[in-house]
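Below is one structure; the comments refer to it alone.
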Amino acid sequence: MALGARCAIGATPIGQNRPEVTLLDYGAGNVRSVRNAIQLMGFHIKDVTGPKDIEKATRLIFPGVGSFWAAVDSLKNRGLIEALREYVQEDRPFLGICLGLQLLFEYGEETGYVEGLGIIPGGIKRFDESSGLKVPHIGWNALHLKQDASILDGVKGRHVYFVHSYRAVETPENKDWVLATSTYGTDFIAAVRKGNVHGTQFHPEKSGVTGLNIIRRFLGGGQSEAAERVAKQAEEAEPGKTAVQLAKRVIACLDVRTNDRGDLVVTKGDQYDVREHTETREVRNLGKPVDLASSYYMDGADEVTFLNITGFRNSPLGDLPMLEVLRKASEKVFVPLTVGGGIKDFTDKDGRYYSSLEVAAEYFRSGADKISIGSDAVYAAEEYIKSGQKTGNTSLEQISYVYGNQAVVVSIDPRKVFVKSPSEVPYKTVKVACPGPNGEQFAWYQCTVNGGREGRPIGAFELAKAVEELGAGEILLNCIDCDGRGEGFDLELVKLISEAVKIPVIASSGAGTVDHFSDVFSETPASAALAAGIFHRKEVPIALVKEHMSRAGIETRF
């Protein structure tokens, strides 16, 4: 069982009168997980509705994701800027998370120069991609402590979870604020602290037991049995396993759909066919979504992805069971959650129009950290390539603009098409190690939509480049030919796409043994590897994958 992940959830307050924490939720991204973490510690949450709530707060937590300017604009519109600035300047207990840390600085450069709170000298600037760095910085990285602070006493060389494209760097003017740095290309500020004011660029609420213990320490200790378990587990140590740099991620994927009896189940297909090869042709039922997600979290999964493979086609916001799955999973799973399936503009049966942004907002409120877009991204890319113009109206563009590109994953579902010569097609080809059925030496990867049922006139290479331009922050790269076969990832495809884009790529489809994970990380620049069936059927435990990767010299989170 992986120490960095495990913690059986089920908070039981020790006392009847729970202490209060004030939460500043400005309405962007997944704040549900922060709420769940606070409540797990046994604390009551008081939401900020106006400046007076900040003035009266005894402990204030400000989580944030998305755009610097959007957060500042929201705070101004609600009249909270001065109250927040005064609270921090008075050295009252404060924890800013991700954007909540960044806003403490003088300015941000995401959309031009935008003033922050001006508490910490310096600005928030984009990571430098000129050397080939993948941006956003997504994943589990190591901390380098610069000063003593009880809030990070439980870190002990473990990985914590980051997801961001902009960062602050240490300077002589802000050096006394720097609590910890991390390295991604160059060193950047990972945590700050002065007096009672704290901030983390990483997400403690998504950093497993290590992160939950950071929240517990900021709150002055837990008030529940679950908090006591967190404290105990955080004190344990994995001998010989110390975080050094950004780890390669192992992601557990749950394909979720309604079976023939109307139950929401986790299933798995062979080349996207999820029904049993029997006379009844029933949908494969591999377990309940929340139970499996919780189990994978405790086993050490770095992320959990839900792909709703049949829902949301006509009414995304009407699929209440899937939204409830997200809510329940976020109470038990304190690593990132991604959800995908039918995220697009739609009009319901009553004629009411909903934008993809509204759909995404409901996902985020229900517990998702990232949104996965499939078919809709293909159509958007086709139009962009044809016109050469961004409309700003596609689901991909809208969601990335409001929530940041780190919140948007594009799922690509290609098939391999063999050709005798690259000149036969207007798409990027690769020279294949295993020739085609007629001796073909080359292949291109045709993208599909609607669960692999319809091929489109666009290649995976062209699609990946286009969606990166449109605002995708990550690519989930599937392969229909490899899906369910257990013979390994399509390394030629993964290498092609990973080298084509400057955003992280998740390799998917084909994992069958632990060697397949080390192969994809050793032979391609993939940032993560995703598997489903081998985890569901318990053929290859996640912990075994990680032990193998560690022995192979691949940075791994434990």
For region 140-189, rounded, prolate or oblate, judged on the Cα gyration tensor with a ≥ b ≥ c (square roots of eigenvalues), a/c < 1.5 rounded, else prolate if a/b > b/c?
-> oblate
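For region 364-417, go through all pairs of different Cα atoms, get the mean of 1/r, take its inverse, and jot down that Kirkwood value in Å.
12.2 Å is the Kirkwood radius here.
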Past 26 Å, Cα to Cα, is the threshold; run Lys349/Lys390; Lys431/Lys546; Lys344/Lys495; Lys349/Lys465; Lys56/Lys76; Lys125/Lys428 against it and keep the listed order.
-> Lys349/Lys390; Lys431/Lys546; Lys344/Lys495; Lys349/Lys465; Lys125/Lys428
At 7 Å along the Cα-to-beta-carbon direction for both Glu86 and Lys232, put a label point, then send me their distance in nm to one decimal.
-> 4.5
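For region 290-419, take the alpha-carbon Rg, divide it by the Kirkwood Rh, and send me Rg/Rh.
Working: Rg = 15.7 Å, Rh = 15.7 Å.
Result: Rg/Rh = 1.00.
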Å³ per residue of the Cα convex hull, for region 386-541?
-> 127
Using the alpha carbon gyration tensor of region 516-558, what are the three equivalent-ellipsoid semi-axes (square root of 5 times each eigenvalue), largest first, in whole Å?
-> 18, 12, 8
Under a 1.4 Å probe, what is the accessible area of region 71-133 per residue, stated in Å²?
-> 42
Please work out whether region 394-439 counts as rounded, prolate or oblate from its C-alpha gyration tensor, where a ≥ b ≥ c are the square roots of the eigenvalues and a/c under 1.5 means rounded, while otherwise a/b larger than b/c means prolate and anything else oblate?
-> prolate
Using a 1.4 Å probe over the heavy atoms of the protein chains, calculate the carbon and sulfur portion of the accessible area of the chain as a whole percent.
-> 46
Translational D in µm²/s for the chain (Stokes-Einstein at 4 °C, 1.567 mPa s, Kirkwood Rh from C-alpha pairs) | 54
Region 326-394, accessible area per residue, ligands and nucleic acids excluded (1.4 Å, Å²) | 43
Nitroxide proxy distance, nm - points 7 Å out along Cα→Cβ at Glu469 and Asp350 = 4.1
Once you have the alpha carbon radius of gyration of region 450-527, what is it after dividing by 2.2 N^0.38 Å, with N set to its residue count?
-> 1.09
Listed residue (His159, Ala433, Asn450) projecting farthest to the positive dipole end of the chain, Cβ model = His159
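How about region 160-238: which GluC sites (Glu not before Pro) there are in a DSSP loop, with at most 16 other Cβ atoms within 10 Å of their Cβ?
Those that pass, being in a loop and sparsely packed, are Glu170, Glu173, Glu236.
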Net charge near Lys175 (other residues with Cβ under 13 Å of its Cβ; Lys, Arg +1; Asp, Glu -1) is -1
Heavy-atom accessible area per residue, region 439-558, 1.4 Å probe: how many Å²?
-> 33
Just report the Cα centroid separation between region 44-119 and region 521-541, whole Å.
-> 39
Debye-sum result for region 366-469 in log10 I(q)/I(0), which assumes one identical scatterer on each alpha carbon, at q = 0.13 Å⁻¹ | -0.53
Pairing the Cα long axis of helix 208-218 with the longest principal axis of the chain, what angle in degrees results, from 0 to 90 and rounded to the nearest 10?
-> 20
Within a Cβ distance under 12 Å of Phe202, other residues only, what is the Lys/Arg minus Asp/Glu net charge?
-> +2
One finds the C-alpha centres of region 445-482 and region 200-250 to be spaced, in Å, by 36
Angle between the Cα long axis of helix 460-470 and the longest principal axis of the chain, 0 to 90 degrees, nearest 10?
-> 30
Stokes-Einstein, Kirkwood over Cα pairs, region 98-167, 37 °C, 0.692 mPa s; D in µm²/s equals 237
Where a ≥ b ≥ c are the square roots of the eigenvalues of the C-alpha gyration tensor, would you call region 114-208 rounded, which needs a/c under 1.5, or, failing that, prolate if a/b is larger than b/c, or oblate?
-> oblate
Hey, got the Cα dimensions of region 180-225 along the principal axes, in Å, largest first?
-> 40, 26, 10
Round to the nearest 10 and give me the degree value, 0 to 90, for the angle of helix 289-299's Cα axis relative to the longest principal axis of the chain.
-> 70
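The values are calculated or read from the model by the stated rules, or taken from the named source; none is laboratory data. Keep in mind the model is a prediction, meaning the values are calculated, not measured. FYI the Cβ positions are ideal-geometry reconstructions off the backbone, even for glycines, and counts take in every protein chain you see. These accessible areas exclude ligands, DNA and RNA; they are computed on the full protein's heavy atoms, side chains included. Shrake-Rupley method; radii C 1.70, N 1.55, O 1.52, S 1.80 Å.
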